[in-house]
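Undergrad: Okay, handing you the structure first.
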Amino acid sequence: MPTYAAPGVYVEEVPSSQKVLTAAATAVAAFVGFTAKAPLDDPTDPEGVKPRLVTNWSQFEELYGGYAEGCMLPIAVRGYFDNGGTIAYIARVPNTAPSGQPSQLALPAVDRALGAPLEVTSVQPDARLSVIVETADDSSDGDGDGPNPFNLSVVEGGQTVETFDDLTLTPGERNVETVVNATSTKVKVKVNLDSSVDLSSMIDVMKPGSFSLELAAPTPVPVNGRRFAGSEPARTGINGLAIADDVTMVIVPDLITAATKPDKTVDLNLWKAVQTTLITHCEQHGNRVAVLDAPPGMTPQQVRDWRSSVAMYDSAFAALYYPWIKVENPLPVNGSDGEVLVPPSGHVAGVWARVDESRGVWKAPANETIAGCLDVEYPITKAEQSLLNPIGVNCIRPFGTRGIRVWGGRTLSSDTDWRYVNVRRLFNMVETTILDGTEWAVFEPNDVKLWEGVKRTVTGFLTGLWRDGALFGTSPDQAFYVKCDAETNPPQSIDEGKLVVEVGIAPVKPAEFIIFRISQQKQAA
């Protein structure tokens, strides 16, 4: 309490007991799978397996290397951004091992006609090195009998570890092979010039600049379910996403790469094991939903049998999409098809993000077109979808001039309260917002003043949602209620340090079946 000793006017600031809640983010995806390379800018994560945040395709390419053979994740990430996604975490699962071969590089010449006059090879296998070529300081003092000397530096981990000055390509005391190969512990070099080339009249041969040695092609290694699951303490795989609190969608597009057997069939046991791990992860965290892909190459009847007899998932925190979609092949081979089949989960996650931005998380992410989708693997009829929709398989169907659309918005839950994706995600958003936005109340005096403050805070937030159309009802009283009083907080609860607030909301549910009842009207005589 302030002390008033002298006469005068005093101003006191009284903190408000009502805070403003800001809706939690709903469109943050996490992709788990294979990439062309690992990011190298974190010394504590040499394999680049910890979740990393990217906000556009260019940033992903810079960190993870873009498209690559045997990697579905880059295609899924590109589909996510193309369809409206803006924020994504990448959890890389290593699917290759170092080759065990030295890194190599052919340094270019100033004159393209000379090709690559100097070959550089690392002493250690799989070494990540760069070399810097610079013109020597005394190059202006050339004697006219050959090119000016140059300097060569070796860089490792961002630090220059070796430097060789005044080197030449011509025979002599400062010949680059003689000097470097005799003393360097990092690289070996070899002059690669045609003996017929006359260097006597040239001033410079070596092109200045910084050049990275190229690693030999890595060796593919099998990836099992445990590698996909990963470890929370190690921040790897699916479980490593625990560190990314704001993730709301999780996708594993490279499941097909790991589950494909040598005979080109799909290991459905591994498929189920990884998807079960993904669903469990989402259920444990409570603020995210798994976007699942049905196995490829299945007819609607086969998908129905697999869903009912093999997968048997029952979760409000997962949504399943079928069939696979065709997109432009980013890695066409001579004579190959310009289209490639890919799992739809990455593109669908982008659709979710687009709907969240344009309409709100309470709008079902269905009846929406998929950008970049050229066709579907299997065209589905209305009768065939009638077999799949009741068991939670969301179909992707072509509608002629209306494009290819997501034509389903259900979860995999048998509980009708959580039948729809938008209902589950709305509750996730509301719960996360209230959880994060009321931490100010922790350790405050647990009395009527605090109860009223919390109640006003939550009521203000839910009123805003009702006005936006997220809640059902013609008035706030019909749309939600917030109860925090002596009934929810009896003396025993207060003694235990608890503040209990009851919140009930009436979510809007999608009009999944539009029914017009039409009858013939008889004209009166």
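Every number here is computed from the coordinates shown, using simple stated rules; none is lab data. Keep in mind that this is a model prediction, so the values were computed, not measured. Cβ: placed from backbone, ideal geometry, glycine included. Neighbour counts: every protein chain shown.
Undergrad: Using Cα positions and a limit of under 18 Å, work out the lysines in reach of Lys190, with same-chain residues fewer than 8 apart set aside.
TA: Filter leaves Lys207.
Undergrad: Here is a further query. Return P(r) of the stretch 1-127 (all Cα-Cα pairs; 5 Å bins starting at 0; whole %; ordered from short to long distances).
TA: 2, 8, 12, 12, 10, 9, 8, 7, 6, 4, 4, 4, 4, 3, 2, 2, 1, 1, 0
Undergrad: How far apart, in nanometres, would the label points at Lys188 and Thr265 be if each is projected 7 angstrom from Cα along the Cα-to-Cβ direction?
TA: 4.8
Undergrad: For n ≥ 4 DSSP H runs only, could you compute -39500 (n - 2.57) per run for the chain, divide by its residues and tell me the 222 nm figure to the nearest 500? Display every interim value, and only then the final one.
TA: Working: 13 runs with 128 residues, N = 525.
Taking each H run of at least 4 residues, the total per residue is -7000 deg cm²/dmol.
Undergrad: Same structure again: How far apart, in nm, are two points set 7 Å out from the Cα along the Cα-to-Cβ line at Phe399 and at Met312?
TA: Taking the simple label geometry, Phe399 and Met312 are separated by 3.6 nm.
Undergrad: Using the alpha carbons of the stretch 102-212, what is the convex hull volume per residue in cubic angstrom, as a whole number? Intermediate values should be presented prior to the final figure.
TA: On the way: hull volume 10.6 nm³, N = 111.
Dividing the Cα hull volume of the stretch 102-212 by its residue count gives 95 Å³.
Undergrad: Another question, then. In whole Å, what are the Cα extents of the stretch 442-525 along the three principal axes, biggest one first?
TA: 77, 24, 24
Undergrad: Also, quick follow-up: Residue farthest toward the positive end of the dipole of the stretch 102-212, with Cβ of Lys/Arg at +1 and Asp/Glu at -1: which of Ala116, Met206, Thr163?
TA: Result: Ala116, furthest along the dipole toward the positive end.
Undergrad: Mind checking the log10 I(q)/I(0) for the stretch 365-477 at q = 0.09, 0.16 Å⁻¹? Debye, one equal scatterer per Cα, no solvent, two decimals.
TA: Each listed q corresponds, in turn, to -0.43, -0.88.
Undergrad: Relative contact order of the chain, please, whole-number percent, based on alpha carbon pairs below 8 angstrom and at least 6 residues apart.
TA: On the way: 1018 pairs, mean separation 80.2, N = 525.
Across the chain, relative contact order equals 15 percent.
Undergrad: Students often check this: by mean Cβ neighbours within 10 Å, which of 442-448, 5-11, 510-516, 363-369 ranks highest, and how do the rest follow?
TA: 363-369, 442-448, 510-516, 5-11
Undergrad: I want the local charge near Arg174. Using Cβ-Cβ distances under 9 Å, sum +1 for each Lys or Arg and -1 for each Asp or Glu among the other residues. Please report the intermediate quantities before stating the final value.
TA: Values: positive: none; negative: Asp165, Asp166, Glu173.
Here the count lands on -3.
Undergrad: Same structure, new question: Using the Kirkwood formula over every pair of different C-alpha atoms, what hydrodynamic radius in Å results for the chain? Each step should come with its number before you reach the end.
TA: Values: mean 1/r = 0.0360 Å⁻¹.
Mean inverse Cα-Cα distance, inverted, gives 27.8 Å.
Undergrad: Okay, next question. Packing-wise, with mean Cβ within 10 Å as the measure, how do 313-324, 491-502 rank, highest first?
TA: Details: 313-324: 23.5, 491-502: 11.7.
By packing density, highest mean first, the sequence is 313-324, 491-502.
Undergrad: Another question, then. Where Rh denotes the Kirkwood radius from the mean inverse Cα pair distance, what is Rg over Rh for the stretch 294-380? Please list the in-between numbers first.
TA: Details: Rg = 15.1 Å, Rh = 14.8 Å.
Taking Rh as the inverse mean 1/r over Cα pairs, Rg/Rh reads 1.02.
Undergrad: Please figure out what share of the DSSP beta bridges in the stretch 236-361 is antiparallel and state it in percent, rounded to the nearest 5.
TA: Values: 5 of 11 bridges.
Once the DSSP bridges in the stretch 236-361 are tallied, antiparallel ones form about 45 percent.
Undergrad: Rounded to the nearest 5, what % of DSSP beta bridges with both residues in the chain are antiparallel?
TA: Values: 55 of 74 bridges.
Percent antiparallel among DSSP bridges in the chain is about 75.
Undergrad: Just report the Cα centroid separation between the stretch 199-253 and the stretch 273-322, whole Å.
TA: Each part's Cα centre sits 28 Å from the other's.
Undergrad: So what's the gap between the Cα centers of the stretch 47-73 and the stretch 463-513, to the nearest angstrom?
TA: Rounded to whole Å, the Cα centres lie 41 Å apart.
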